[in-house]
Amino acid sequence: MIWRCPRCRGELVEVGNDVACNVCEIRYPSFEGIFDFRLARPSWIDYEEDRAQARQLIAETVGFSAEETVRYVFDSDALWKLAGPPDYDFSLYWSV
Ligand SMILES: [Zn+2]
């Protein structure tokens, strides 16, 4: 599969677990095999903080199933815990 850079459409090449653009040299990190192709631009999201939180979550949930990871996330935030997904039927989304 040939990935294209969302910024310049240049060809992306694998660099370790990440991919990088041959043309503009932007590197797109991978989180658990999912590439972050977002381009930094004015936004309410701090991309570096968001990526740091993803890395921390990955480290904290090693060996967790997808359901356990979702429950861990909702249980770790007081407001999300109140609104959390305990009534969700996870089997609708993935096999458990
Ligand atoms: Zn590029």
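The values are calculated or read from the model by the stated rules, or taken from the named source; none is laboratory data. The shown structure was predicted, so the numbers you read here are calculated from the model rather than taken from an experiment. All Cβ positions, glycine included, derive from the backbone under ideal geometry; neighbour counts span all protein chains shown.
Structure summary
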read-out	value
Hits in the range 1-11 - residues which are surrounded by 11 or more Cβ atoms within 10 Å (Cβ to Cβ), over 18 Å from the mean Cα position of the chain (by Cα) and more than 8 Å from the ligand (Cβ to nearest atom)	Arg4, Glu11
Of the criteria (1) at pLDDT below 90; (2) within 20 Å of Ser30 (Cβ to Cβ), which one Asp77 fails	(2)
Subset tally (residues that are aliphatic (A, V, I, L, M) and without any contact (Cβ under 8 Å) to a residue 12 or more places away in the chain) for the range 1-12	2
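Conditions (1) in contact (Cβ under 8 Å) with a residue 24 or more places away in the chain; (2) part of a helix (DSSP H, G or I); (3) within 14 Å of the ligand (Cβ to nearest atom); (4) surrounded by 11 or more Cβ atoms within 10 Å (Cβ to Cβ), marked per residue:
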| residue | (1), (2), (3), (4) |
| --- | --- |
| Glu14 | no, no, no, no |
| Val19 | no, no, yes, yes |
| Cys24 | no, no, yes, yes |
| Phe37 | yes, no, yes, yes |
| Arg41 | no, no, no, no |
| Trp44 | no, no, no, no |
| Glu48 | no, yes, no, no |
